[in-house]
1. Using the structure shown, decide if L133 is touching a residue at least 40 places away in the same chain (Cβ under 8 Å), crowded, with 22+ Cβ neighbours inside 10 Å and touching a strand residue (DSSP E or B) at 6+ places or on another chain (Cβ under 8 Å).
2. Kindly provide the set of residues from the range 161-175 that are farther than 28 Å from H14 by Cβ and open to solvent by less than 40 Å² (accessible area, probe 1.4 Å), ordered by number.
3. So, R36, is that one surrounded by 13 or more Cβ atoms within 10 Å (Cβ to Cβ), over 28 Å from S185 (Cβ atoms), modelled with pLDDT of 95 or more and of a type in the set (K, R) or not?
4. Look at G130 and say whether it is more than 15 Å from the ligand (Cβ to nearest atom) and on the phi > 0 side of the Ramachandran plot.
5. Step by step: first the residues of the range 2-11, then only those that are outside any loop (DSSP other than H, G, I, E, B) and more than 10 Å from the ligand (Cβ to nearest atom), then the one that is surrounded by the fewest Cβ atoms within 10 Å (Cβ to Cβ). Which residue is that?
6. Here is a check on your reading of the model: is V77 open to solvent by less than 60 Å² (accessible area, probe 1.4 Å), at pLDDT 95 or above and either more than 20 Å from G162 (Cβ to Cβ) or not basic (K, R) (or both)?
7. Scan the range 80-123 for residues that are open to solvent by 60 Å² or more (accessible area, probe 1.4 Å) and more than 8 Å from the ligand (Cβ to nearest atom) and jot them down.
8. Condition (residue is in contact with an Asp or Glu (Cβ under 9 Å, 6 or more places away or on another chain), among the acidic types (D, E) and crowded, with 17+ Cβ neighbours inside 10 Å) applied to the range 55-69: is it met by at least one residue?
Amino acid sequence: MNVYDRYLLPHLTHWVCSSPAVQRQRRRVVPRAHGRVLEVGFGSGLNLAYYSPSQVEWIWAVEPSAPMLTLAEPRIVASGLDVRCLAAVAEHLPLAAASADSAVLTFCLCTVADPAAALGEIRRVLRPEGELLFSEHGAAPDSGVRRWQDRLNGVWGRLAGGCNLNRSIVPLIEGSGFRLEEVDSEYMPKAPRIAGYVSWGVARRS
Ligand SMILES: C[S@@+](CC[C@H](N)C(=O)[O-])C[C@H]1O[C@@H](n2cnc3c(N)ncnc32)[C@H](O)[C@@H]1O
């Protein structure tokens, strides 16, 4: 890991993910999580403030970056929730099949190396009646914005820890064995349009 990725990127990611527009997205999905929760790409733990403590048994917090988990520590302690950190990648979850009631995925599919494999693993770990709660940014519907997303994707990814601007979130989820129960999309207010087209909702195993 180079100096940028180790010392600067975690703080930059935390700062961007703390913006009011992103926090608004968390509020739209995270409070619904219940029981044994799998959160993939836990980052600096910014979702913790949005869980409903009375309905959460514990949270498996999957995060491959040690600096991100270090940043998350104060929020884990302050939350009072039972958070079980797993230093792992979404593509290979060290959890038994059908062991989670809810899965939470926020601003993570853009960064995982293999999003279809990650969703396949989340599907495996969710109970058959479990729900995937997601809020992700990705490919915009407007051709002008989309062109810039494609043009800037490589440079953006190098600066933003492998983040992709142009992944088609809803088709990815539907193509990975999930049925969408609720879905909505919009450009986040006060966010650059190339990184601000978000889709959020609830999906279940199909
Ligand atoms: C943009 S951050 C979002 C963090 C958090 N989900 C949030 O909403 O604030 C993306 C996170 O995904 C993590 N990540 C990258 N590749 C991953 C993978 N293959 N599996 C799981 N997490 C991954 C990164 O380390 C980073 O913490």
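1. Details: touching a residue at least 40 places away in the same chain (Cβ under 8 Å): yes; crowded, with 22+ Cβ neighbours inside 10 Å: yes; touching a strand residue (DSSP E or B) at 6+ places or on another chain (Cβ under 8 Å): yes.
Yes, satisfied.
2. Our first condition is that a residue be farther than 28 Å from H14 by Cβ; within the range 161-175, this holds for 171, 174-175.
Residues satisfying the conditions do not exist here.
3. Details: surrounded by 13 or more Cβ atoms within 10 Å (Cβ to Cβ): yes; over 28 Å from S185 (Cβ atoms): yes; modelled with pLDDT of 95 or more: yes; of a type in the set (K, R): yes.
Spelling it out, R36 is indeed surrounded by 13 or more Cβ atoms within 10 Å (Cβ to Cβ), over 28 Å from S185 (Cβ atoms), modelled with pLDDT of 95 or more and of a type in the set (K, R).
4. Numbers: more than 15 Å from the ligand (Cβ to nearest atom): yes; on the phi > 0 side of the Ramachandran plot: no.
Here the answer is no, as G130 does not meet what is asked.
5. Residues of the range 2-11 outside any loop (DSSP other than H, G, I, E, B): 3-11.
Narrowing the set further to residues that are more than 10 Å from the ligand (Cβ to nearest atom) leaves 3-4, 6-8, 11.
Details: V3: 8, Y4: 12, R6: 12, Y7: 11, L8: 13, H11: 12.
This residue is V3.
6. On the way: open to solvent by less than 60 Å² (accessible area, probe 1.4 Å): no; at pLDDT 95 or above: yes; either more than 20 Å from G162 (Cβ to Cβ) or not basic (K, R) (or both): yes.
Spelling it out, it is not the case that V77 is open to solvent by less than 60 Å² (accessible area, probe 1.4 Å), at pLDDT 95 or above and either more than 20 Å from G162 (Cβ to Cβ) or not basic (K, R) (or both).
7. Scanning the range 80-123 gives G80, D82, R84, C85, A87, H92, P94, A96, A97, R123.
8. Residues of the range 55-69 in contact with an Asp or Glu (Cβ under 9 Å, 6 or more places away or on another chain): 56-63, 65, 67, 69.
Keeping just the survivors that are among the acidic types (D, E) gives 57, 63.
The next check asks that each one be crowded, with 17+ Cβ neighbours inside 10 Å; those that pass are 63.
Yes, the range 55-69 contains a residue that is in contact with an Asp or Glu (Cβ under 9 Å, 6 or more places away or on another chain), among the acidic types (D, E) and crowded, with 17+ Cβ neighbours inside 10 Å.
The values are calculated or read from the model by the stated rules, or taken from the named source; none is laboratory data. Not measured: the values here are computed from a predicted model. Using ideal geometry, Cβ is built from the backbone for each residue, glycine included, and neighbour counts are taken over all protein chains shown. Each accessible area value is taken on the protein alone, full model and side chains, heavy atoms only, with ligands, DNA and RNA left out. Shrake-Rupley method; radii C 1.70, N 1.55, O 1.52, S 1.80 Å.
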